Amino acid sequence: MNKFMPAIILLLSISLFLAARPAAAAVDIAVKNDKGSPVEDAVVYLLPSAGKAPALSAETSAVMDQVNRQYVPRVLPVRTGTTVRFPNSDNILHHVYSFSPAKTFELPLYKGKTVEPILFDKPGAVVLGCNIHDWMLGYILVVDTPFFSKTGVDGKAKLHDVPPGDYKVYIWHPDLKDEKKTGVGPLTVGESGQKALEYKISVKPRRKPRQAPVNPGGSGY
């Protein structure tokens with residue numbers, strides 16, 4: 001028997017296995033408001049029409065920072081089972097909290113990166129506040145799927161590595177007029193990818209909250 005035969009057989013087996021797997025595709029989605037303007041910070045995610053999404057294969061983590069007395073990013077989408085760290089990059093104290101049903105927690109007054117990360121183990125929207133700076137608002141959307149993305153300033157999002165199949169498309173935004181209307185329709189993804197899709201959602205005008213004046217040389221409020 002040729003000494004290279006086992007290796008050849010292994011390579012052929014791997015090639016056949018990869019060829020039998022459906023090719024994953026990229027899905028491009030644009031989100032606009034009722035006036036046709038792009039919507040930033042909209043979370044687009046896909047749920048399989050039949051069955052569950054692939055299980056979480058490894059631990060994942062994300063970061064919600066605090067910079068210039070604001071949550072950064074304002075909107076953070078994560079997969080169920082993700083741990084999120086909340087560093088405080090300001091030179092003042094913050095007190096992070098949430099009373100949302102999907103995750104209720106508090107991180108008492110602190111600075112730096114000393115607090116333990118929080119596990120987000122239930123799907124849903126989590127609204128973040130700060131007990132010291134009441135204008136600080138942040139949002140974490142926990143989704144039960146790996147197929148999600150967030151729109152940029154151009155209102156566009158790209159979802160990578162989506163296997164062919166039938167899905168339901170959901171779009172969430174913190175300023176949705178109707179929080180229950182996140183489902184926007186069905187989607188069939190083919191092996192060759194998907195043409196760019198466009199959806200419209202109704203959002204409320206965002207008003208920038210008033211803040212206390214910044215004290216450049218201080219370390220207090």
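The values are calculated or read from the model by the stated rules, or taken from the named source; none is laboratory data. Remember, predicted model here, so these are calculated numbers, not experimental data. As a convention, Cβ positions derive from the backbone with ideal geometry for all residues, glycine included, and neighbour counts pool all protein chains shown.
Yes/no matrix, rows are residues, columns are (1) crowded, with 17+ Cβ neighbours inside 10 Å; (2) modelled with pLDDT of 95 or more; (3) at negative phi:
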residue: Val162; (1), (2), (3): yes, no, yes
residue: Pro174; (1), (2), (3): yes, yes, yes
residue: Lys180; (1), (2), (3): no, no, yes
residue: Ala212; (1), (2), (3): no, no, yes
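Of the residues Val115, Val96, Val153, only one is in a loop (DSSP other than H, G, I, E, B), without any contact (Cβ under 8 Å) to a residue 40 or more places away in the chain and among the aliphatic types (A, V, I, L, M); which?
Sole residue among the options that is in a loop (DSSP other than H, G, I, E, B), without any contact (Cβ under 8 Å) to a residue 40 or more places away in the chain and among the aliphatic types (A, V, I, L, M): Val115.
Just the residues that are within 12 Å of the chain's Cα centre (by Cα) and among the basic types (Lys, Arg), please, taken from segment 30-86.
Across segment 30-86, the qualifying residues are Arg74, Arg79.
Step by step: first the residues of segment 28-58, then only those that are of a type in the set (D, E, K, R) and over 20 Å from Val126 (Cα atoms), then the one that is surrounded by the fewest Cβ atoms within 10 Å (Cβ to Cβ). Which residue is that?
The extreme case among them is Lys35.
With the checklist (1) at pLDDT below 95; (2) part of a loop (DSSP other than H, G, I, E, B) in hand, flag the one item Asp166 doesn't pass.
(2)
Take the residues in segment 182-210 that are farther than 30 Å from Trp135 by Cβ and exposed (fewer than 10 other Cβ atoms within 10 Å of the Cβ), then tell me which one is modelled with the lowest pLDDT.
Ser192
For the structure I just gave you, tell me whether Pro146 is of a type outside the set (Gly, Ala, Ser), in a loop (DSSP other than H, G, I, E, B) and at pLDDT below 90.
So Pro146 does not fit the description; no.
Could you tell me which residue of segment 130-166 is farthest from His94 (Cα to Cα), considering only residues that are among the aromatic types (Phe, Trp, Tyr) and under 18 Å from the mean Cα position of the chain (by Cα)?
Taking segment 130-166 as the starting set, the residues that turn out to be among the aromatic types (Phe, Trp, Tyr) are 135, 139, 147-148.
Going one step further and asking which of them are under 18 Å from the mean Cα position of the chain (by Cα), we end up with 139, 147-148.
Values: Tyr139: 16, Phe147: 32, Phe148: 30 Å.
Only one residue tops the list, namely Phe147.
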